[in-house]
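*Asks:* The structure under discussion is supplied below as structure tokens; questions concerning it will follow.
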Amino acid sequence: MYIVQIASECAPVIKAGGLGDVVYGLSREMESRGHCVELILPMYDCMRYDHIWGLHDAYLNLWVPWYDSAVHCSVYCGWVHGRLCFFIQPHSQDNFFNRGRYYGENDDQIRFAFFSRAAIEFLHASNKRPDIIHCHDWQTGLIPVLLYEIYKWHGMANQRICYTIHNFGHQGVWSEQTLRATGLNNDAYYYSPERLRDNNHNAINFMKGGIVYSNHVNTVSPHHAWEARFTSVGCGLQPTLGLHHYKFSGILNGIDYEVWNPESDRYVPHPYSYDDFDSKSLNKKALRERLLLRDAPEKPLVAFIGRLDHQKGVHLVHHAMYYALERGAQFVLLGSATEPGIDSWFRHEKEFLNSNPDCHIELGFNEELSHLIYAGADMIVVPSNYEPCGLTQTIGLRYGMVPVVRGVGGLLNTIFDWDYDQEHPVEKRNGFVFYENDSYALESALGRAFDLYYQNPQLFRNLAIQGMQCDYSWTNPGDEYDELYERIRHKE
């Protein structure tokens, strides 16, 4: 099959979150199965050009229809760790992708509406006719609309679209000017509730367009798919998902087992595996030395790695830190805040706990340090308010951490409670789960993890080793995407 992935991110060249990791990992998995895979991405000024090999011009005169005129673009081509990527660079006074950051601009919807029109115009103009166009999140939600309302009448009637939603919290809700800019000029037609009209506001919704017009829609875990249809996690799209339930599913994300491998990780000073688990303790010592924590072998080390925001349950992250210290543990936090208030809150905590030999707060993101934390810490806490899939808990398992998670979204599909899970035998359980969104529930799960660590260290060690033997690579999701692509490829 010939597959084209269109997204706003692809790790490591463009990475703001888990989306970039998924786009890269899935692309490599599909290539390993013999498919031809290409990626189309924006050419941001701030992306990691050092991760692109052989960057060269591929299509210098792409004219993208925009309002009543056209914008001249250049398309460059290069390989990102073996993946063939096309980067679209507009020559426009709007400087769509020359902002010094990927997201967070007041005109994000306009920027990515242009990218959507440019991406599909590039496919059309260069005579690329993939079997599957795989689009990701709200930023590419207009591509299925453009394909089936415009481009299928111009030689692209056989292309099929898989649309993956990674986060229902951001849907691309904007005014009708976006439609007019892209050439979708019939306001009354597109404002129909059956098409792009937002379910709650007098505006268009990019993500809704992707759901309505794609051949298949999926989100990134089976439980999150259920949540999106039947709970507030769908953020207003529940009726649309219900109407299109026959083409909606959940496929769990994988992680790249070549990148995340404690046996060969270049950021891990002492390689180890589940057959040589004792070497993990050497990384714990190295982590303590790097972060100036006290060397106390009897203390468990708990970590949080991720964004500090509402989605990640920031109030419970804060409580977990102090509860861990109260229980005689150490705590390491690596994360960046997405709101000024949260950033100020944790900067205050960093200053307050600066002299505490059992706690370290690192604000910002550091790839090298994240790997060392995974290798050195005993537990990882993931108390999310909602979590479409989650990667930190599966990476944590890979590195012999015991996850303590809230039972939502993909966390519930990957972590099985040591004490209470009834669906998996004891040898398949791998962590601790709580359900309510309060400090008492968090303490019940984290407290059980501490009790096991202190009272039966050998059993805790066995639990960590069981987690390392779980398979959350791209192999199983690759099977599901393979079958899905093949199925929609033959749909009329």
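The values are calculated or read from the model by the stated rules, or taken from the named source; none is laboratory data. Predicted, not measured: the structure shown is a model, and the values here were computed from it. Don't worry about glycine lacking a Cβ; one is built from the backbone with ideal geometry, like all the others, and counts go over all protein chains shown.
*Asks:* Tell me which residues, restricted to segment 288-312, are more than 16 Å from ALA464 (Cβ to Cβ) and under 23 Å from the mean Cα position of the chain (by Cα).
*Replies:* Answer for segment 288-312, where residues must be more than 16 Å from ALA464 (Cβ to Cβ) and under 23 Å from the mean Cα position of the chain (by Cα): PHE304, ILE305, GLY306, ARG307, LEU308, ASP309, HIS310, GLN311, LYS312.
*Asks:* Something else about it: Scanning for something more than 16 Å from HIS371 (Cβ to Cβ), touching a helix residue (DSSP H, G or I) at 6+ places or on another chain (Cβ under 7 Å) and modelled with pLDDT of 95 or more, does segment 277-289 turn up at least one residue?
*Replies:* Looking through segment 277-289, at least one residue is more than 16 Å from HIS371 (Cβ to Cβ), touching a helix residue (DSSP H, G or I) at 6+ places or on another chain (Cβ under 7 Å) and modelled with pLDDT of 95 or more.
*Asks:* Restricting attention to segment 12-31, report how many residues are free of Cβ contacts under 8 Å to residues at least 60 places away in the same chain and surrounded by fewer than 24 Cβ atoms within 10 Å (Cβ to Cβ).
*Replies:* Residues that pass the stated criteria total 3.
*Asks:* Let me ask something else about it. From ASN261, ASN202, which residue is modelled with pLDDT of 95 or more and surrounded by fewer than 18 Cβ atoms within 10 Å (Cβ to Cβ)?
*Replies:* After applying the criteria, what remains is ASN261.
*Asks:* Still on this structure, please answer the following. Which condition does TYR49 not pass, out of (1) out of contact with any Leu (no Cβ under 6 Å at 6 or more places or on another chain); (2) within 23 Å of SER126 (Cα to Cα), if it passes all the others?
*Replies:* (2)
*Asks:* What are the residues in segment 32-57 that are touching a residue at least 60 places away in the same chain (Cβ under 8 Å) and closer than 22 Å to SER92 by Cβ, if any?
*Replies:* Within segment 32-57, ILE40, PRO42 meet the criteria.
*Asks:* Right, next: So for segment 82-90 (the condition being modelled with pLDDT of 95 or more and more than 23 Å from the chain's Cα centre (by Cα)), does at least one residue qualify?
*Replies:* Taking every residue of segment 82-90 in turn, at least one turns out to be modelled with pLDDT of 95 or more and more than 23 Å from the chain's Cα centre (by Cα).
*Asks:* State the number of residues belonging to segment 173-205 that are in a helix (DSSP H, G or I), without any contact (Cβ under 8 Å) to a residue 60 or more places away in the chain and of a type in the set (Gly, Ala, Ser).
*Replies:* 1
*Asks:* Working carefully through the options GLY250, GLY172, GLY210, GLY183, find the one that is under 24 Å from ILE132 (Cβ atoms) and over 26 Å from the mean Cα position of the chain (by Cα).
*Replies:* Result: GLY183 is the single residue among GLY250, GLY172, GLY210, GLY183 that is under 24 Å from ILE132 (Cβ atoms) and over 26 Å from the mean Cα position of the chain (by Cα).
*Asks:* Let me ask something else about it. Hey, could you check segment 14-45 for residues that are assigned to a loop (DSSP other than H, G, I, E, B) and either modelled with pLDDT under 95 or of a type in the set (Ser, Thr, Tyr) (or both) and say which is farthest from the chain's Cα centre (by Cα)?
*Replies:* TYR44
*Asks:* Restricting to segment 271-287, name every residue that is within 24 Å of LEU459 (Cβ to Cβ) and either more than 28 Å from the chain's Cα centre (by Cα) or without any contact (Cβ under 8 Å) to a residue 12 or more places away in the chain (or both).
*Replies:* Passing the criteria: ASP275, ASP276, PHE277, ASP278, SER279, SER281, LEU282, LYS285.
*Asks:* Output the residues belonging to segment 329-381 that are under 19 Å from the mean Cα position of the chain (by Cα) and hydroxyl-bearing (Ser, Thr, Tyr).
*Replies:* SER336, THR338, SER370, TYR374
*Asks:* Working carefully through the options ARG101, ARG129, find the one that is assigned to a loop (DSSP other than H, G, I, E, B) and surrounded by 13 or more Cβ atoms within 10 Å (Cβ to Cβ).
*Replies:* Among ARG101, ARG129, only ARG129 is assigned to a loop (DSSP other than H, G, I, E, B) and surrounded by 13 or more Cβ atoms within 10 Å (Cβ to Cβ).
*Asks:* Any residue that is touching a residue at least 60 places away in the same chain (Cβ under 8 Å) and over 21 Å from GLU258 (Cβ atoms) - is there at least one of those in segment 73-91?
*Replies:* no
*Asks:* So which residues in segment 389-407 are in contact with a Ser or Thr (Cβ under 6 Å, 6 or more places away or on another chain) and in a loop (DSSP other than H, G, I, E, B), if there are any at all?
*Replies:* Matches in segment 389-407: CYS389 only.
*Asks:* Mind checking which residues of segment 230-249 are free of Cβ contacts under 8 Å to residues at least 40 places away in the same chain and either crowded, with 20+ Cβ neighbours inside 10 Å or among the β-branched types (Val, Ile, Thr) (or both)?
*Replies:* Result: THR231, LEU241, PHE248.
*Asks:* Tell me yes or no: at least one residue of segment 154-161 is part of a helix (DSSP H, G or I), touching a His at 6+ places or on another chain (Cβ under 8 Å) and not aliphatic (A, V, I, L, M).
*Replies:* Checking segment 154-161: at least one residue is part of a helix (DSSP H, G or I), touching a His at 6+ places or on another chain (Cβ under 8 Å) and not aliphatic (A, V, I, L, M).
*Asks:* Follow-up question, since we're still on this one. On the basis of being surrounded by fewer than 16 Cβ atoms within 10 Å (Cβ to Cβ) and over 21 Å from ILE3 (Cα atoms), does TYR67 make the cut?
*Replies:* It is true that TYR67 is surrounded by fewer than 16 Cβ atoms within 10 Å (Cβ to Cβ) and over 21 Å from ILE3 (Cα atoms).
*Asks:* If a residue must be aliphatic (A, V, I, L, M), out of contact with any Cys (no Cβ under 8 Å at 6 or more places or on another chain) and either modelled with pLDDT under 95 or not in a helix (DSSP H, G or I) (or both), how many such residues does segment 307-332 contain?
*Replies:* Adding up the residues that qualify gives 2.
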